[in-house]
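Notes to accompany the following structure.
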Amino acid sequence: MTTTDVPPEVDAATPPLQRRGLSPLMREHLRVYAPLALIVVALGVVTTVYNPAFLSGANIGRLLAANAVLGVLVVGQTLLLVGGQLDLSVGSLVSVGGVVTASFVLHGLPTVVVVAVCLVAGALIGLCWGLIVAYLKVPPFILTLGGLAVFASLALTLAASTPIPMPTGMTWVRAEVLGVRVAVIVWALVILLGALLLHFTRFGRNVYAVGANEEAAFLAGVPTARIKMALYSINGLLAGLAGVMFAGRVGAGDPRGGVGLELTVVAAAVLGGASLAGGRGSIVGGVLGVLVVAMVTDSLSFLDVPDTYNQLVLGVILIGAVAVTATSEIRRIRAARRTG
Amino acid sequence: MIELQNVSKSFPGARALTDVSVEFTPGRVHALVGENGAGKSTLIKIASGVLQPDSGEIRVDGRPVRLTPRDARELHIRVLHQERQVALTRSVADNVVLGEAPRNRLGLSGQWLVEREARRRLQRVGVELDVRAPVATLSVAQRQLLELARAVTFDARCLIMDEPTASLHPDEIGQLFEVVRRVREHGVSVVYISHHLSEVIALADDYTVLRDGRRVGGGLVEDTTTDGLVAQMFGSEVSLRREDIHGGGTEPGDVAARLRGVHFGRRLKGVDLDLRFGETVVINGPVGSGAAELGRILSGAARPTAGSVELMGKPGSTRRRAAMRGVALIPADRKREGLLLDRPIHENSELAGDAAHPLTWYSAVRAADRCRRGGRRLGLKASDVRLAVRGLSGGNQQKVLIDRWLRVDARVLVLDEPTVGIDIPSKAEIYRQLRALTRAGAAVVVLSTEYQEIRCVADRVIVMRDGVVAGEIPGVDATEQALFALGARS
């Protein structure tokens, strides 16, 4: 049987199933992006007026490089959030990754091996989370909160509570290719691959489906368990990568380096339109979220605002962004009811 | 007595009601019928004071009134909405007296007073519930009865019920009817809105048919039939009669699914079933009979505790493998188990395809194009396939779900109550689609308790009772009496 066996029932009165112009989903995305882009630009302009050094090429490069670790993690977290998942253990994984990197470098292992070990170990830890979430049905929040504690402790134990310096290791992270730091290039590649995966493969559609309605996805034949395992593995791999990049940037394995990072990661992803309820969000949004976080932190210091205010400003922006999303959501559902 | 006289109402760009007159008499059940958009909801909004008519007047006991929601409440006009409005974490008693807790002489309210009042009210409508149980532990039907008790004990003069049976099972509907009848005996005028014309025939005394905002028929229910109502609602274009829809079939072909000695806990006790390509099999049976479980086992969504399942000659396994082999499942609860409500229509109709081939490229533009083609074939009515599927009517949502499986050339379709809460023209279209699929060689299983639906689509009907097959009837002979006799025999 092919689909053409069904007699066509084209009704002249049937609407065209198409309106001109941008897709409604794209419009919704733009509603999220526009205010973020506005914040980034406005902060840039204001800070530059106050201190012209802010918008110089060198500073922009420094800003991006300083946030590459965060940026890489946000790509993984956005994938998870879209699929209705969450991983809070990334902060500790970055610490462990950094410590492991530094101690391996000090033992004289070649860079390639160190990087490979970190990536594979990260992916395996992610796979464990995925298995536990998919088959034991443990809520991701609790599970990865536990993971956060376990790996934080592990990092401290491995490093005997003090940073392990490795002045000559992993220098490639700080190196420049054509005037761009390698860390930034790596981040860009991760963004590109993440966006391809989420927005241009049918795997990505399955991720959205699992996040939007897991039961419906399962009954439609989506391999929900495998999707979850894949998401956690990808995120774990990226956390491993972020650990290496972090160690390379500071030139040491700091067992406390990733403390609190997981919250910034989630905040940036949610700023970018991802929802903790799943089924919503995009890679571009996540990147914009990181840029907002980066700009706020950096321009406040350029504006000589004490850095004790950083968290306050970020918190207010986050609450504002979520409130705006929530109200537009309510309006959208009401509109759908009217037309339906 | 509440009368609406020559009421008209327009919205920007649309005329919702034109010159409609209707009266609701105490002690009678008045059914409002009409397809979606015929003006039923506008009418009840006017009758309950939510909307003001552009012209015409409302009389209560002969006096013209101008209704606001507040006035309507004071006149004891109550509306029972489709969406449940109960406080889940509170007890039954608290919910029954919600917003008007009884007070003693000192103006204080106590748990004991509340429970006594709640018991009194429940008794009045003949509903038996434990007043101390939290509402969260009640079934949907029990919650509905609770709401009914609440509405009635506001000493309602007029009780408007909007699709009260939309989420109820047949035996629960019977219970609801009992309560409505009792309410009617208290001299309340009940306005009953339903898509299920058989319910209208069974329950109502008077009826009014609306079409395109006009009153096109009405009178005493005893003078009409379901077919008569359908004819009045749609003119001669839509029919739900077997002769107009079934259109015969081909000789059944190979075996699509074979069940042998299937057990599922205590729900199924040894079921044998052969499903062939080129036939539509209806599995009929109330909740608890095992019909729903059989559907889930056929589609791989549940695994039998004993017995064997073969799909197209191979042992059945997981839902995913079954889906990959072209076994479609369209669940009864579209919103919870079928749709991604906030995702675009085209993503919803592509989901089975996306699930089958996750490692291929995706293009939103091409997906939307495919969805437009599929949508036109099924007569999908949507202004843009890129809008969230939430905004579609039930009938159109169901078409999206059917399209989802036609897109992957599903050859075995399992549909659980496929037309619950769907308007009649969409029902007729869906039935015709199912017949066309059957003629094209698909094996179709419909789990249904709706007699009219069974008549329209069935080649044969399997009646389930208490987890076993109670009997089988050819579709042509499946009269309501025959089905009932088979299912009720013990």
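The values are calculated or read from the model by the stated rules, or taken from the named source; none is laboratory data. The shown structure was predicted, so the numbers you read here are calculated from the model rather than taken from an experiment. Here the Cβ is made from the backbone with ideal geometry for all residues, glycine too, and neighbour counts use every protein chain on show. With ligands, DNA and RNA removed, areas are computed over all heavy atoms of the protein, side chains included. Shrake-Rupley method; radii C 1.70, N 1.55, O 1.52, S 1.80 Å.
For the range B:275-298, the count of residues that are assigned to a helix (DSSP H, G or I), surrounded by 24 or more Cβ atoms within 10 Å (Cβ to Cβ), within 10 Å of chain A (Cβ to nearest Cβ) and in contact (Cβ under 8 Å) with a residue 12 or more places away in the chain is zero. Among the residues of the range B:172-223, the one identified as out of contact with any Ser or Thr (no Cβ under 9 Å at 6 or more places or on another chain), basic (K, R) and outside any helix (DSSP H, G or I) is B:R211. Check the range B:470-478 and report whether any residue there is in a helix (DSSP H, G or I) and buried (at least 23 other Cβ atoms within 10 Å of the Cβ). Taking every residue of the range B:470-478 in turn, none turns out to be in a helix (DSSP H, G or I) and buried (at least 23 other Cβ atoms within 10 Å of the Cβ). Scan the range A:176-192 for residues that are assigned to a helix (DSSP H, G or I) and touching a residue at least 12 places away in the same chain (Cβ under 8 Å) and the total you get is 6.
Kindly indicate whether A:G83 is within 14 Å of another protein chain (Cβ to nearest Cβ), under 29 Å from A:R331 (Cα atoms) and in contact with a Gly (Cβ under 6 Å, 6 or more places away or on another chain). Answer is yes for this residue. For the range B:130-138, does any single residue satisfy the condition of being farther than 13 Å from B:V180 by Cα, modelled with pLDDT of 75 or more, open to solvent by 30 Å² or more (accessible area, probe 1.4 Å) and among the hydroxyl-bearing types (S, T, Y)? Checked against the condition, which is being farther than 13 Å from B:V180 by Cα, modelled with pLDDT of 75 or more, open to solvent by 30 Å² or more (accessible area, probe 1.4 Å) and among the hydroxyl-bearing types (S, T, Y), the range B:130-138 yields at least one hit.
Inclusion of A:G97 among residues that are in contact with a strand residue (DSSP E or B) (Cβ under 9 Å, 6 or more places away or on another chain) and in a helix (DSSP H, G or I) is warranted.
Taken over the range B:346-368, the criterion of being part of a helix (DSSP H, G or I) and out of contact with any Lys or Arg (no Cβ under 7 Å at 6 or more places or on another chain) is satisfied by B:A355, B:A356, B:A364, B:V365, B:R366, B:A367. Residues considered: A:I317, A:I330, A:I283. Of these, the only one that is at pLDDT below 90 and crowded, with 16+ Cβ neighbours inside 10 Å is A:I317.
Taken together, the residues in the range A:204-226 that are surrounded by fewer than 22 Cβ atoms within 10 Å (Cβ to Cβ) and touching a Leu at 6+ places or on another chain (Cβ under 7 Å) amount to 0. Does B:V238 count as surrounded by fewer than 19 Cβ atoms within 10 Å (Cβ to Cβ), outside any strand (DSSP E or B) and of a type in the set (A, V, I, L, M, F, W, C)? Considered against the rule, which asks whether it is surrounded by fewer than 19 Cβ atoms within 10 Å (Cβ to Cβ), outside any strand (DSSP E or B) and of a type in the set (A, V, I, L, M, F, W, C), B:V238 comes out as yes.
Listed conditions (1) in a loop (DSSP other than H, G, I, E, B); (2) within 11 Å of another protein chain (Cβ to nearest Cβ); (3) farther than 23 Å from B:L351 by Cα are all met by B:R435, apart from (1). Can you report the number of residues in the range B:312-337 which are more than 7 Å from chain A (Cβ to nearest Cβ) and assigned to a helix (DSSP H, G or I)? Residues meeting the conditions: 4. Working only within the range B:399-432, note down all residues that are open to solvent by 10 Å² or more (accessible area, probe 1.4 Å) and within 9 Å of another protein chain (Cβ to nearest Cβ). B:R407, B:V408, B:D409, B:R411, B:E429, B:R432 - these are the residues of the range B:399-432 that are open to solvent by 10 Å² or more (accessible area, probe 1.4 Å) and within 9 Å of another protein chain (Cβ to nearest Cβ). Has the range A:86-93 got any residue that is open to solvent by less than 70 Å² (accessible area, probe 1.4 Å), within 24 Å of A:Y208 (Cβ to Cβ) and part of a helix (DSSP H, G or I)? There is at least one residue in the range A:86-93 that is open to solvent by less than 70 Å² (accessible area, probe 1.4 Å), within 24 Å of A:Y208 (Cβ to Cβ) and part of a helix (DSSP H, G or I).
Within this structure, A:G279 passes the test of being under 30 Å from B:L380 (Cα atoms) and touching a residue at least 12 places away in the same chain (Cβ under 8 Å). Taking the range B:338-386 as the search range and keeping residues that are within 7 Å of chain A (Cβ to nearest Cβ) and of a type in the set (V, I, T), which one is surrounded by the most Cβ atoms within 10 Å (Cβ to Cβ)? The extreme case among them is B:V385.
Which of the residues spanning the range B:433-444 are among the charged types (D, E, K, R), open to solvent by less than 10 Å² (accessible area, probe 1.4 Å) and more than 23 Å from the chain's Cα centre (by Cα)? Correct list: empty. Within the range A:166-188, one or more residues are over 24 Å from the mean Cα position of the chain (by Cα) and buried (at least 18 other Cβ atoms within 10 Å of the Cβ).
Of all the criteria given as (1) buried (at least 21 other Cβ atoms within 10 Å of the Cβ); (2) modelled with pLDDT of 90 or more; (3) of a type outside the set (K, R), the one not satisfied by B:G316 is (2). Being within 22 Å of the chain's Cα centre (by Cα), of a type in the set (D, E, K, R) and modelled with pLDDT of 85 or more narrows it down to one residue among B:R211, B:R119, B:R143; which is it? None of the others qualify; the one that does is B:R211. Inside the range A:159-202, residues that are more than 19 Å from A:A269 (Cβ to Cβ), within 9 Å of chain B (Cβ to nearest Cβ) and out of contact with any strand residue (DSSP E or B) (no Cβ under 7 Å at 6 or more places or on another chain) make up a count of 1. Among residues of the range B:387-398 being at the interface with chain A (Cβ under 7 Å from one of its Cβ atoms) and assigned to a helix (DSSP H, G or I), the one that is surrounded by the most Cβ atoms within 10 Å (Cβ to Cβ) is B:G391. Of all residues in the range B:215-232, exactly one satisfies the criterion of being touching a strand residue (DSSP E or B) at 6+ places or on another chain (Cβ under 7 Å), open to solvent by 50 Å² or more (accessible area, probe 1.4 Å) and either β-branched (V, I, T) or farther than 16 Å from B:I193 by Cα (or both), namely B:V216. Quick check on my filter: what residues within the range A:1-48 are over 18 Å from A:L314 (Cα atoms), more than 7 Å from chain B (Cβ to nearest Cβ) and modelled with pLDDT of 65 or more? Selection gives A:G21, A:L22, A:M26, A:R27, A:E28, A:H29, A:L30, A:R31, A:V45, A:T48.
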